[in-house]
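First up is the structure itself, then whatever we jot down about it.
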């Protein structure tokens, strides 16, 4: 898969390894990916790995994306760290928006 530079704006695309950088790739594609990139993601990584990234990462996804992927993958929103009220309260104190 050839990634868009805008998807990985902070990295040289030549340095991205599908196995070594799986978490990074999953985070970016779930948040910013286009449909063809999302299809590639689900063909490349097992759903269990994608779910693990969503559940374990605190700030990889926006609330909107996290809620969408939780519904799509059947994950309980209460288990997703970035959707927990305590994290949202702390996040707003650091970056009030």
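The values are calculated or read from the model by the stated rules, or taken from the named source; none is laboratory data. Bear in mind that the values here come from a model prediction, so they are computed numbers and not experimental data. Every residue, glycine among them, receives a Cβ derived from its backbone with ideal geometry; neighbour counts consider all protein chains shown.
Of all residues in the range 1-23, exactly one satisfies the criterion of being without any contact (Cβ under 8 Å) to a residue 12 or more places away in the chain, within 17 Å of residue 50 (Cβ to Cβ) and surrounded by 11 or more Cβ atoms within 10 Å (Cβ to Cβ), namely 21. Quick check on the range 34-62: of everything there that is in contact with a helix residue (DSSP H, G or I) (Cβ under 9 Å, 6 or more places away or on another chain) and not in a helix (DSSP H, G or I), which residue is nearest to residue 24 (Cα to Cα)? Going through the qualifying residues, I end up with 60. Which residues, counting only those in the range 50-63, are modelled with pLDDT of 90 or more and exposed (fewer than 14 other Cβ atoms within 10 Å of the Cβ)? The answer is none; no residue qualifies.
Looking at the range 82-97, which of the residues that are more than 14 Å from residue 27 (Cα to Cα) and in contact with a helix residue (DSSP H, G or I) (Cβ under 8 Å, 6 or more places away or on another chain) is modelled with the highest pLDDT? Lay out the reasoning, then the answer.
Residues of the range 82-97 that are more than 14 Å from residue 27 (Cα to Cα), as a first pass: 83-97.
Cutting the leftovers down to in contact with a helix residue (DSSP H, G or I) (Cβ under 8 Å, 6 or more places away or on another chain) gives us 83-84, 87-88.
Values: 83: 80, 84: 75, 87: 53, 88: 50.
Ranking the qualifying residues of the range 82-97, first place goes to 83.
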